[in-house]
1. Which members of region 4-36 meet the condition of being closer than 24 Å to residue 115 by Cα and out of contact with any strand residue (DSSP E or B) (no Cβ under 9 Å at 6 or more places or on another chain)?
2. Out of the helices (runs of 4 or more DSSP H) lying entirely within region 1-120, which hold 3 or more residues that are exposed (fewer than 12 other Cβ atoms within 10 Å of the Cβ)?
3. Just need a number here: residues in region 133-176 that are closer than 30 Å to residue 32 by Cα, in contact (Cβ under 8 Å) with a residue 12 or more places away in the chain and in a helix (DSSP H, G or I).
4. Can you tell me which residues in region 160-174 are more than 16 Å from residue 41 (Cβ to Cβ) and either surrounded by fewer than 21 Cβ atoms within 10 Å (Cβ to Cβ) or over 8 Å from the mean Cα position of the chain (by Cα) (or both)?
5. If we scan region 49-64, do we find a residue that is closer than 25 Å to residue 129 by Cβ and without any contact (Cβ under 8 Å) to a residue 24 or more places away in the chain?
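What follows draws every value from the coordinates through simple rules; no lab data is involved. Note that the coordinates shown come from a computational prediction; the quantities given were computed from them, not determined experimentally. Glycine gets a Cβ as well: all are built from the backbone with ideal geometry, and neighbour counts include every protein chain shown.
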């Protein structure tokens, strides 16, 4: 029997990882790409065309462009309209348990995206909650398990600062740990 101080187990079949790439870090930044990945290997991502309001009032940091590799011109040409991206993200997250390794930042960028359509979205939970679910032992042992799993996941998903790949790498790390813990 679980005590009132122990959290309820997470339904790993509904768990997913969300990552958002942005135009900059901090105030005035806006989402440019959203990725969602599940522990079963599914990955979805959307390149977001900035809205006129974001372009007018938002912040575009050239350092962010170097980091993620997308120019404003590329997003205008290849990105999907923000409302379409918001609808896609909402459909993907419906009934799911979304987690993030950067809840505060990703939550703010998702809020900006969803404001385009007026939608709310499922609250992001810390990725650490998933990691606690699929690891055991002392903090030191857990850290070593997570580090080893991240090394393996990074070999499969080496590209960084792309929302789909970053979400997939984190989901793969959790999947590896869940398999080792006999949870999947």
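1. Hits for region 4-36 are 24, 25, 26, 27, 28.
2. Details: elements: 52-57, 62-68, 72-78, 82-93, 103-115.
Ranges flagged: 52-57, 62-68, 72-78.
3. We begin by selecting, within region 133-176, every residue closer than 30 Å to residue 32 by Cα; these are 146-147, 149-176.
From the residues that got through so far, the ones that are in contact (Cβ under 8 Å) with a residue 12 or more places away in the chain too are 146, 149-150, 152-154, 156-157, 161-176.
If we keep only those that are in a helix (DSSP H, G or I) too, we end up with 146, 149-150, 152-154, 156, 163-176.
Total meeting the criteria: 21.
4. To start, the set of residues in region 160-174 that are more than 16 Å from residue 41 (Cβ to Cβ) comprises 160-163.
Once the filter is applied, which keeps residues that are more than 16 Å from residue 41 (Cβ to Cβ) and either surrounded by fewer than 21 Cβ atoms within 10 Å (Cβ to Cβ) or over 8 Å from the mean Cα position of the chain (by Cα) (or both), region 160-174 yields 160, 161, 162.
5. As a first pass, look at region 49-64 and keep what is closer than 25 Å to residue 129 by Cβ: none.
No, the conditions are met nowhere in region 49-64.
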